[in-house]
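The values are calculated or read from the model by the stated rules, or taken from the named source; none is laboratory data. What you are looking at is a predicted structure, and each value in this text was computed from that prediction instead of being measured. We place every Cβ from the backbone using ideal geometry, glycine too, and count neighbours over all the protein chains shown.
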Amino acid sequence: MTAAIDEDRLSETFSALASSTRRGILARLAEGEATVNELAEPFEMTLPAISKHIKVLQRAGLVTRGRRAQYRPCLLDAERLAEVSTWAEQYRPVWEARFDRLDDYLSQLGTHRPAGGHDE
């Protein structure tokens with residue numbers, strides 16, 4: 001197995017990802033850095049509300065803030081997402097085996113049509 005995963009950090013990351021607003025913010029940041037105003041545009045919420053979501057993402061290590069004069073853009077920090085991916089990857093054999101069984105079952109259904117049955 002891969003390196004040990006910090007369970008507290010993983011829980012904090014999943015907690016931050018539980019909000020569709022925060023996932024939307026991350027999706028926007030995957031395209032490049034953005035200001036709080038730019039991140040707020042697609043959402044019908046106040047700037048302080050968006051700022052709170054950004055702070056949750058910062059505490060979870062998913063977002064960092066740059067510093068250029070008065071301009072403080074938000075940036076995606078994908079390291080924690082890589083940890084989530086690593087955690088989920090350990091279950092790949094389980095879901096692949098289930099998909100293989102589903103493929104077998106669907107194949108069996110296709111070869112065992114009832115007499116007189118036809119597609120319409």
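Of note:
- Hits in the stretch 67-92 (condition: surrounded by 11 or more Cβ atoms within 10 Å (Cβ to Cβ) and either outside any helix (DSSP H, G or I) or over 16 Å from the mean Cα position of the chain (by Cα) (or both)): Arg72, Pro73, Cys74, Leu75, Leu76, Asp77, Ala78, Gln90
Quick grid of which residues meet (1) among the charged types (D, E, K, R); (2) in contact (Cβ under 8 Å) with a residue 40 or more places away in the chain; (3) part of a helix (DSSP H, G or I):
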| site | (1), (2), (3) |
| --- | --- |
| Arg9 | yes, yes, yes |
| Ser15 | no, yes, yes |
| Gly24 | no, no, yes |
| Arg28 | yes, no, yes |
| Gly32 | no, no, no |
| Pro42 | no, no, no |
| Ser51 | no, no, yes |
| Gln58 | no, no, yes |
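- Some residue of the stretch 20-31 being at pLDDT below 95 and among the aliphatic types (A, V, I, L, M): no
- In the stretch 7-35, the residues that are in contact with a strand residue (DSSP E or B) (Cβ under 8 Å, 6 or more places away or on another chain), over 17 Å from Val84 (Cα atoms) and surrounded by fewer than 14 Cβ atoms within 10 Å (Cβ to Cβ): Thr35
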